[in-house]
Amino acid sequence: SGILANQYIEMEDCARWRQFEVDGGVVLLTSKGQEMVNSEKNVVALFKDLNNYKTSSLHGLFSTRKEIANGGNGSVYQLANREVVIKESNSGNSLYSALYRMDRLSTIADRVTPQWMSVVDHLALVTTRKVEKEFMIMKKIDDGVTMQDLEMFVNDGHARFPRMLSIMKEKFASITKSQLDSIRDQKNVGIERIYDYADSRGIRRTELLPDP
């Protein structure tokens, strides 16, 4: 793949992460991130796009990034021409713990939940020595629509922000409250399976909380 294999890290859940240095920083690839890189036909172009994104972020530019959400410890942007989104940390907050929790949650979900139910693939964490900022790379699915978005739209006709409201009207205008209840029930069953698996292996449920 053209990437120096500086170090592999064996995680507690048997996942295998990969760490290597890039110009001005360090990259951590989860197992899913390594699958993305290995399946990428042009790895050089991929990392060029990511580097251009990082440069745009450091200079406050929006030519290669578009904000799509804002959370408690960072903002999420769409990477132009790629099916990934990137969360940028705020005020020097580290996103490592979020990457760890979500990758662990994804690994467990893959083992115990139905195939249709999955956790967003968290692919990588990129740090840079130039500023106190980290970049967490995630796979983009369903335009970022969450269960919260479905409930807000079906129950009140609202959304978290204008762009999400447009997405909901375009893709979920016909969903009924009965269908929403069914989706919620199936989701709850999946969550219970995840918690049962975690409890049986001594994993605290707080270690599996989604990133805010």
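The values are calculated or read from the model by the stated rules, or taken from the named source; none is laboratory data. A quick note: this is a predicted structure, and the numbers were derived from the prediction, not measured. Ideal geometry is used to build each Cβ from the backbone, glycine not excepted, and the neighbour counts take in all protein chains shown. Just the protein is used for accessible areas: all its heavy atoms, side chains included, with ligands, DNA and RNA removed. Shrake-Rupley method; radii C 1.70, N 1.55, O 1.52, S 1.80 Å.
Quick look at the values:
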item	result
Per residue, in Å², the accessible surface of the chain once ligands and nucleic acids are set aside, probe 1.4 Å	56 Å²
Carbon and sulfur %, accessible surface of the chain computed with the full protein complex present, 1.4 Å	50 percent
Within the chain: Cβ-based charge dipole about Cα centre, in debye rounded to nearest 20 (Lys, Arg +1; Asp, Glu -1)	400 debye
For the chain: lysine pairs under 12 Å (alpha-carbon distance), excluding those fewer than 8 apart on one chain	8
Stretch gain in nm, segment R160-S94, where the contour uses 0.36 nm per residue and the Cα spacing is subtracted	21.3 nm
Among [x] 66, 46, 30; [y] 52, 43, 35; [z] 62, 31, 30, the entry derived from the coordinates for Cα extents along the principal axes in Å	[y]
Among A159, A198, A173, residue whose mean-square fluctuation peaks in a GNM of the chain (springs only between Cα atoms under 10 Å)	A173
Where labels lie 7 Å past Cα in the beta-carbon direction, separation of M11 and D185 in nm	3.3 nm
Segment 1-114, relative contact order in percent, only Cα pairs under 8 angstrom and at least six apart counted	13 percent
For the chain, calculated [θ]222 nm from helices alone, where every DSSP H run of n ≥ 4 adds -39500 (n - 2.57)	-13000 deg cm²/dmol
Between segment 134-185 and segment 1-71, the alpha-carbon center distance in angstrom	27 Å
Ranked order, I141, I194 - accessible area, probe 1.4 Å, largest first	I141, I194
Rg/Rh (Cα only; Kirkwood hydrodynamic radius) as it applies to segment 93-202	1.04
E40/D199 FRET efficiency (R0 35 Å; Cβ-Cβ; nearest 0.05)	0.40
Calculated FRET efficiency for the pair E83/E21, C-beta based, R₀ 35 Å, to 0.05	0.85
